[in-house]
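Below: one structure, written as structure tokens.
Each value in this text was obtained by applying a stated rule to the coordinates, not by laboratory testing. All of these numbers come straight from a predicted model, not from anything done at the bench. Cβ coordinates were reconstructed from backbone atoms using ideal geometry, including for glycine residues, and neighbour counts include every protein chain displayed.
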């Protein structure tokens, strides 16, 4: 198979994979509104074809388990945006094919274990002159950029704390499938440069998001990987809002971890939620929702610096940051090897997104 030289491509071709998913369809629609015509792709022609035809776009079908078909698909693209989660099941063959075919890889994962493994491809991607840019959605553009801003404002910080609070939103089928996939794995933090496993919701904190204070719990978020690569801060913890009822439920789930490690239990739960949950928030919910992001760095002397930003609703933000990332890569803003949103486009990348504001209390 011939390997294309992406530096000589006459026109940049984008493939969106997992295009029948909730976020991918919204991203494709936003691309179309900005004059970008991606090729839509996925594992099932039966699922992808109706989506593509409704938008007047070309489509392809290739299973990630079929190496030959996947290579043929990737060879058509200069930029490949992977939206097919849980990403632990899709990223390896796609990334390896992208490196082989010299195609830039982007995705919208927030799975820290996936991000850590993606980083191991850094050297070979640089050699192939390919950019690996995961997590270009809500997971984790705003938190990664805020971490980079804080690091610039307090160089030498030893601890980074991040938290987010979603208002008037709900989660999609894909996000719920990822939650189910990882529900037996417990929590995680970064301590002294290493990711350490901890019990689910092992730590809580009351955090002030703008005018409101909220009970939060520690979660194994993608920033355990990305913020570390962006800032070098060796101790990182990420929090999200919770309730006492949720904390009690999580402790019960943790006590039954042996049950949720069984694949057939996970598959049954995923099938159940696909039948009874809505695909994701509707247009009205996306337009009314918002996310508050809080971040704090602490240095060795105990000095603290805190910052907050407010963004559009999480899925709407994923659409805006993903398409903005595609536009930047199309314009030639490319750094080879593994990148985070802030190392690729700068700490202020999030501030380029309409509806994002930084504020002080």
Ranked list, fewest to most other Cβ atoms within 10 Å of each Cβ, for 33, 230, 225: 33, 230, 225
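Shape call for segment 1-113 from the C-alpha gyration tensor, a ≥ b ≥ c root eigenvalues: rounded (a/c under 1.5), prolate (a/b greater than b/c) or oblate?
Working: a/c = 1.43, a/b = 1.12, b/c = 1.27.
Since a/c stays below 1.5, the shape of segment 1-113 is classed as rounded.
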Distance between modelled label sites at residue 153 and residue 89, nm, 7 Å Cα→Cβ extension: 4.1 nm
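Rounded, prolate or oblate: which fits segment 272-361 when a ≥ b ≥ c are the square roots of the eigenvalues of the alpha-carbon gyration tensor, with rounded for a/c under 1.5 and prolate only if a/b beats b/c? Please list the in-between numbers first.
Working: a/c = 1.91, a/b = 1.24, b/c = 1.54.
Verdict is oblate for segment 272-361.
What is the extension gain from residue 208 to residue 116, computed as 0.36 nm multiplied by their sequence separation minus the C-alpha to C-alpha distance, in nm to one decimal?
Here the answer is 30.1 nm.
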Where labels lie 7 Å past Cα in the beta-carbon direction, separation of residue 67 and residue 215 in nm: 5.2 nm
